[in-house]
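The structure under discussion appears below in the form of structure tokens.
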Amino acid sequence: MIAFITGATAGIGKATAEVFAKNGYNLIITGRRKERLDEISAYLKATHKIEVLCLNFDVRNIKEVENAINSIPSDWKKINVLLNNAGLAAGLNSIQEGNTDDWERMIDTNIKGLLYMTRNIAPIMIKNGFGHIVNIGSIAGKEVYANGNVYCATKHAVDALNKGMRIDLLPHNIKVTAIHPGMVETEFSIVRYNGDEERAKNVYKGLEPLLPEDIAETVYWVASRPPHVNINEIIIMPTVQANATTTIRK
Ligand code: NDP
Ligand code: 8X3
């Protein structure tokens with residue numbers, strides 16, 4: 001069994017790689033930080049006795065995506081699961097004060113990156129006659145909060161694409177699932193606040209957020225249902241979070 005995980009150098013993608021490895025999957029893992037990819041690959045191979053193929057590229061760059069996928073050896077093309085996980089929030093500003101570079105990064109990564117990946121992997125799955133695409137959305141794809149404007153829009157797009165893909169891929173025996181998490185403590189907030197670790201820590205202060213492992217277990221659970229069962233989507237929250245803006249803090 002083979003799982004292809006984008007954004008496996010940190011957070012949810014990294015934790016998911018480990019859960020699939022623990023369950024005997026061979027892995028194709030991706031990210032821009034090559035050193036981290038190589039370290040994670042060495043660790044997973046040694047710990048779980050699996051095979052790992054590292055692909056080092058930026059999901060925003062269509063040529064890099066195509067070259068990386070064209071470079072996959074044929075015995076690695078029996079891809080059972082694609083996890084479209086690479087993504088980010090950049091900034092938290094009102095629409096009138098938004099940074100347009102941040103907008104481009106979010107749109108290019110969260111929407112176009114996910115599309116480029118799907119456009120290149122879905123034909124391989126169609127040829128194989130099986131596959132499962134799992135898209136990481138967000139609670140931000142289900143509701144909108146102050147200053148979340150563009151990030152929320154990108155995750156609403158993921159929600160729509162998840163539904164559209166399921167229809168288009170239905171005749172090809174390809175399952176499509178979205179997982180929409182609330183707060184998960186990863187590098188997400190450090191990236192959102194442009195490296196400001198103090199500000200990022202405050203996001204999770206006084207509450208128990210989800211861990212990347214919680215999402216990883218969920219991804220594995222949806223991918224391990226019997227062939228006749230597809231989980232369309234899951235919204236998964238910390239117990240202390242009711243929606244994007246309502247939490248209980250100590
Ligand atoms: P992290 O910042 O910890 O991890 C993000 C991963 O995405 C990294 O491996 C990073 O790799 C990769 N990535 C980002 N941009 C690119 C790019 N242009 N090309 C290739 N890879 C890229 O964040 P999370 O694990 O939290 O985020 C994973 C997904 O979960 C995202 O889609 C996010 O929107 C979503 N999410 C997160 C929530 C949270 O609270 N943390 C809640 C809901 C959804 P590298 O930098 O090496 O390229
Ligand atoms: C990440 C969760 O609430 O910061 O997608 O948008 S939130």
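Any read-out appearing in this document is the output of simple, stated calculations on the displayed coordinates, not a laboratory observation. Every value quoted in this text rests on a predicted model; they were computed, and no experiment measured them. Here Cβ is always computed from backbone atoms with ideal geometry, including for glycine, and neighbour counts include all displayed protein chains.
One decimal place: the segment Ala46-Asn93 gains 12.6 nm when fully extended, by the rule 0.36 nm per residue minus the C-alpha distance. Each residue of the range 211-217 was assigned a 3J(HN,Hα) from its phi angle through the Karplus curve 6.51 cos²θ - 1.76 cosθ + 1.60 (θ = phi - 60°); the sequence is 9, x, 5, 5, 6, 4, 4 Hz, with glycine and proline shown as x. Take the Cα of Ile126, step 7 Å along the line toward its Cβ, and report every residue of the range 158-178 whose backbone nitrogen sits under 15 Å from that point. Of the residues in the range 158-178, 165-175 have backbone N under 15 Å from the label point off Ile126. Summarising the amide proton neighbourhood of Ile133: residues at separation of 5 or more, or on other chains, whose placed amide H is nearer than 5 Å comprise Leu82, Lys175, Val176, Thr177. Note on the chain: semi-axes of the ellipsoid equivalent to its C-alpha gyration tensor, largest first and rounded to whole Å, are 28, 20, 19. Considering only Ala200, Thr30, Met106, the residue lying farthest towards the positive end of the dipole of the range 2-236 is Thr30, judged by Cα position with unit charges set on Cβ. Any chance you could give the angle, 0 to 90 degrees and rounded to 10, that helix 149-169 forms with the longest Cα principal axis of the chain? The two axes meet at around 30 degrees. Each residue of the range 29-36 was assigned a 3J(HN,Hα) from its phi angle through the Karplus expression (A = 6.51, B = -1.76, C = 1.60, θ = phi - 60°), giving 10, 9, x, 8, 8, 4, 4, 5 Hz with x at Gly and Pro. Computed about the Cα centre, the dipole magnitude for the chain is approximately 560 debye when only Lys and Arg (+1) and Asp and Glu (-1) carry charge, each at its Cβ. Computed over neighbours whose Cβ is under 13 Å from that of Val65, the net charge equals +1, Lys and Arg +1, Asp and Glu -1.
Approximating the spin labels as points 7 Å out from Cα along Cα→Cβ, the Ile235-to-Glu197 distance works out to 3.4 nm. Residue ranges 54-63, 166-175 sort as 54-63, 166-175 when ordered by packing (mean number of other C-beta atoms within 10 Å per residue, highest first).
Scalar couplings 3J(HN,Hα) for the range 2-15, obtained by applying the Karplus form with A = 6.51, B = -1.76, C = 1.60 to θ = phi - 60°, are 10, 10, 10, 10, 8, x, 9, 7, 7, x, 5, x, 5, 5 Hz; x denotes Gly and Pro.
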